[in-house]
Structures are given as C-alpha cells and as structure tokens.
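Please treat every number below as a calculation from the coordinates, not as lab data. No experiment lies behind these values; they were computed from the predicted model shown. Positions of Cβ are backbone-derived with ideal geometry, glycine not excepted, and every protein chain shown enters the neighbour counts.
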Amino acid sequence: MIEDILLAADLESSEAGISLHPLDCDPAALLQRCAETVSPYALKSAVTVRVQAPSCGTIYADELRLSQVLDNLATNAIKYNRVGGLVDLMVFADDDSVSFQVSDDGIGVAPAELPGIFDSFSRASNAVASAASGSGLGLYIAQVIVSAHGGTITVTSELDVGTTFTVQLPRRTALDY
C-alpha cells in the first residue's frame, strides 16, 4: 500500500508519467503467473480462480508493470467476491492486439460509481462498506500503466452479479517505442 501511495504521488506530480522497460513477453505466461501469485489469497478466501490462457504469441511491453496490473485486478476480484465465488482470468488476441480479462461474480459496482472507478483514492461505496482494506489507488495505477502502453482498460459491472475488467494492449515492437 505504501508503494502504491508513493507511486501515485509521483505520477500525479510528474509530467513524464510512468517509465516503462519493455521487452518481448508472453501474455499467457503472465496470466499463469498472476494466477499462481493470487492462488494463496483465493484459497484463503474460498474463491476459485480459473485461467484461460492459450498461447497468443508475444507482446512488447513492460512485464513487471503488466504483472502489477493483472495482480491488482485479480486480487480485487477475490477481495470483493463472496465465499465460494469465482474469478476468471483470460487472455485472447488478434493480429493487432492482446486483451486480458478479469471477471468475478462478486459484489459488483453501482452504475453511478463506474465513471470514477479509475480516479485516485476512489473506492466504491459497497467496497468501503465491506470493510475490505484498500487505498483506492490500485485501479488508478493500473489505468496509468495500461495507458503508458498505448492500451485501454474498461470495466462493466452489475451490483450483486459481478465485475469484468478488460485490458486491451496493442501488439508492438521495439521500433514502436
């Protein structure tokens, strides 16, 4: 949490944004590592994590920063889920882009709160009411990282049904940076 606060403060005070160190990375392997990272937390929370990570080539991106995004989304999907809930981690690709999707069947977010979900220090009212810890910076940082890669992050949600985050990144090469 301290790292998130320091990073968010640095991002908001810097015109340069976040620095990336891109290299060729395997999106399917990134998603598999994310599942392994959050697995102990999911087990403790009695949430099942399913992974659909077919091979889809490589992307030229900052592997550490993308892992930070995926880990944050997956951790939130577990944290704001219910006992016995389900989290799906998926990756799919076409010729121009690679997309990651993190879906849960948890508490969801009210429609009125969705427009500000990526703002710094933003937390949905039902997330606050759940007493789950959080700084409200994870989604803000995720959006900054995804944007720095030239991608987009979107969310759909329905109260008491669940939430889906989709991260779409362009396929790039070293020449694009």
Handout entry: Test item: Cα-centred dipole of the stretch 10-107, Lys/Arg +1 and Asp/Glu -1 on Cβ, debye
Key = 660
Practice task
Would you mind getting me the FRET efficiency between Leu159 and Leu64? Use the beta-carbon distance for r and R0 = 25 Å, nearest 0.05.
Solution key: 0.15
